[in-house]
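The values are calculated or read from the model by the stated rules, or taken from the named source; none is laboratory data. Everything quoted here is computed from the prediction, not taken from an experiment. Every residue, glycine among them, receives a Cβ derived from its backbone with ideal geometry; neighbour counts consider all protein chains shown. Accessible surface areas use protein heavy atoms only, side chains included; no ligands, DNA or RNA. Shrake-Rupley method; radii C 1.70, N 1.55, O 1.52, S 1.80 Å.
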Amino acid sequence: MEDRLIVDFAQAVLAENDRMAAALRAEFDRRGLFCVNVLSSPGAGKTALLERTLADLAGQIPTGVLVGDLATDHDAARLRGKGARVVQVTTDGYCHLEANMVRAGLDALGLDGLRLLIVENVGNLVCPASHDLGEHARVVLFSVTEGEDKPLKYPTLFKTADLVLVSKIDLAEAVEFRREEALAAVYGVAPQAEVLEVSAKTGSGLEHWYAWLRERLQPRV
Amino acid sequence: MHEVSICAAAVRAAVAKAEEMGGRRIAVLRLRIGALAGVVPEALDFAYPVVCRGTLAEGSRLELEHVPVRCLCEPCGKEFSPQGAVYACPSCGVPSARIVSGRELELAQIELE
Ligand SMILES: Nc1nc2c(ncn2[C@@H]2O[C@H](COP(=O)(O)OP(=O)(O)O)[C@@H](O)[C@H]2O)c(=O)[nH]1
Ligand SMILES: [Mg+2]
Ligand SMILES: [Zn+2]
């Protein structure tokens, strides 16, 4: 015991990831590219939102998409053919994307000419919270079918959101969605976040989502 | 279960240091974990011995120091310790997004044999 040696660190466990994320962000800034990280539980409607977004913004905003998935490339296949460059990042069972996976995905995607980069994270409201991917903003979706108290159940992730999208709003009536209760939960847990109610199916509210994106695009370089 | 990759990152950094110090074995590894770090302590305990296997940290003990959340209420200019998921200021009731501490996920210290 007497000759034990104590070594102090005080360093972030994810320092490697944080460093790589910072390098990615610097590269995005140099290229005048706005990067958004899209997060939700599985099935909240990330891919459906992006399908519609790519179709509606085709020819207006040069966009690239990285899609994180545990094993399949189904989501990437849904997003192809809509005018954007799309690359699948298979996480091989990892429950979240890490900055090095984004780095590798970008090598395949190529950033030349892009002004918007969208990353669809793995469906998970826990693990992605701690991993910076170099994004400028985080968008967290939760659908009206998931329960009004979702933000209260997953506060750690919601507290990192810049924008919360209440999705599948077309189903609100059918599931007797209690709108005031849900908005109060978002505001209480994530007062820093903007909130929009959208439907990828009917297009309701999407003009506000597009305006939110456009406001954040960087000046052309 | 990203706790496996978190443990692995911590053990990697600790082992690199232990090797630098002449290959001494690691007896204790201390992590500082904020309540908002997004990790489950039990899952860290579970993953730890697995990722230590076959390294200078094999057989070592993991100790966690928990860091509670502190926030700042901007209207009141006062710090407080929130209760529950909504960080409402105890004086004025306004929810705060200014998190002063509680996001830490740090390798704090190791003890070498
Ligand atoms: N009614 C309705 N269904 C939706 C909407 N968005 C997604 N969905 C459905 O919800 C399911 C999951 O959507 P998906 O985009 O794959 O979710 P992801 O796992 O978050 O990418 C699919 O069956 C979609 O058709 C919406 O706005 N309205
Ligand atoms: Mg998807
Ligand atoms: Zn106050």
Failed condition for A:ALA10, given (1) among the small types (Gly, Ala, Ser); (2) open to solvent by 30 Å² or more (accessible area, probe 1.4 Å); (3) near ligand 2 (Cβ under 10 Å from one of its atoms), with all others met? (3)
Do you know which of the residues in segment B:18-43 that are in contact (Cβ under 8 Å) with a residue 40 or more places away in the chain and part of a helix (DSSP H, G or I) is surrounded by the fewest Cβ atoms within 10 Å (Cβ to Cβ)? B:ALA43
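State whether one or more residues within segment A:206-214 are at pLDDT 95 or above and farther than 19 Å from A:VAL119 by Cα.
yes
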Keeping to segment B:66-96, report how many residues are in contact (Cβ under 8 Å) with a residue 24 or more places away in the chain and either out of contact with any Asp or Glu (no Cβ under 9 Å at 6 or more places or on another chain) or within 16 Å of ligand 1 (Cβ to nearest atom) (or both). 4
All strands (runs of 3 or more DSSP E) inside segment A:1-74 with 1 or more residues being polar (S, T, N, Q), modelled with pLDDT of 95 or more and closer than 28 Å to B:GLY34 by Cβ: A:34-39
Scanning segment B:74-106 for residues that are part of a loop (DSSP other than H, G, I, E, B) and in contact with a Gly (Cβ under 7 Å, 6 or more places away or on another chain), which turns out least open to solvent (accessible area, probe 1.4 Å)? B:GLY102
Filter segment A:67-84 for residues that are away from chain B (no Cβ under 14 Å) and within 12 Å of ligand 2 (Cβ to nearest atom) and give the result. A:VAL67, A:ASP69, A:THR72, A:ASP73, A:HIS74, A:ASP75, A:ALA76, A:ALA77, A:ARG78, A:LEU79
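Of everything in segment A:68-93, what is farther than 17 Å from A:LYS46 by Cβ and open to solvent by 60 Å² or more (accessible area, probe 1.4 Å)? Give them in sequence order.
Residues satisfying the conditions are A:GLY81, A:GLY83, A:ARG85, A:ASP92.
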Do we have A:VAL139 as closer than 23 Å to B:VAL100 by Cα and surrounded by 22 or more Cβ atoms within 10 Å (Cβ to Cβ) here? yes
Counting only residues that are touching a residue at least 40 places away in the same chain (Cβ under 8 Å) and away from chain B (no Cβ under 11 Å), give me the strands (runs of 3 or more DSSP E) lying completely in segment A:85-158 with at least 3 of them. A:116-120, A:137-143
